[in-house]
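K.L.:
The structure follows.
Bear in mind these aren't lab numbers, they're just calculated from the coordinates by the rules spelled out. Quick caveat, the model's predicted, so the values are computed rather than measured. Note: ideal-geometry Cβ built from the backbone for every residue, glycine included; neighbour counts use all protein chains shown.
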Amino acid sequence: MPVNKGDVLIIPAPNDQNKTDSNKTTIHWQQRWNEREGDYYLLVAKNKSQGYCQVPFYIQAEWYNEQGFDSARSMRKLGNDSYELTIDSRHQYAGKPEARFVVWHDKERKPYADRFLQSSLLKQGTDLVKEVYGLLGLGWTPAAKLYEATGTLGQGLFGDALETF
């Protein structure tokens, strides 16, 4: 079931267990003919509104900290290991109709959706990346997925835009 506007996600808290090099990835893109890049953490959130199904969730690295979470509107701390977040127009998404991933970042950043999957794939096939590919219904065969994720030579300029909820 896809994530929808108004759904409540349970996000892992920004602690040493969840902020590791294995789930941090650098996304590269072109914007206004300039090369850009930004660091993101890839997390697996749970959609409380839809039976706690798992949802791939990318968050801008600079925003994934206790101070940012505690001051964010429409977030509520749930103990020491998670936060509750309501999906609204601050969030973006991409994916198939039946499986989406969510991106929470400064929307002035304009990376195409496939950059997230490509960067994750190139993160050496960690268990988390394999899990995310499974959640999105993509399966896992590194050679095939590398070709599928990178697409054509024009990938720096063309791609599917992230959609805003």
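K.L.:
Using only the alpha-carbon atoms of segment 73-123 as identical scatterers, what base-10 log of I(q)/I(0) does the Debye formula give at q = 0.23 Å⁻¹?
P.N.:
Debye curve over Cα of segment 73-123, log10 I(q)/I(0) at q = 0.23 Å⁻¹: -1.00.
K.L.:
Based on the mean of other beta carbon atoms within 10 Å per residue, what is the order of 35-45, 72-82, 16-26, most packed first?
P.N.:
Per-residue mean Cβ counts within 10 Å order the peptides as 35-45, 16-26, 72-82.
K.L.:
Where a ≥ b ≥ c are the square roots of the eigenvalues of the C-alpha gyration tensor, would you call segment 1-101 rounded, which needs a/c under 1.5, or, failing that, prolate if a/b is larger than b/c, or oblate?
P.N.:
Oblate, since a/c reaches 1.5 and b/c is not below a/b.
K.L.:
Pulled fully out, how much extra length does the chain show between Glu84 and Lys96, if you take 0.36 nm times their separation in residues and subtract their Cα-Cα distance?
P.N.:
Between Glu84 and Lys96, full extension yields 1.9 nm more.
K.L.:
Give me the distance in nm between label points sitting 7 Å out from Cα along the Cα-to-Cβ direction at Asp160 and Gln31, one decimal.
P.N.:
Result for the modelled spin labels: 2.1 nm.
K.L.:
Just grab the label-to-label distance for Gln54 and Lys19, each label 7 Å out from Cα along the Cβ direction, in nm (one decimal).
P.N.:
Here the modelled spin labels are 2.4 nm apart.
K.L.:
Now for a separate question. What's the FRET efficiency of Val44 with Arg76 using the Cβ-Cβ distance as r and R₀ = 22 Å, to the nearest 0.05?
P.N.:
Here the calculated transfer efficiency is 0.70.
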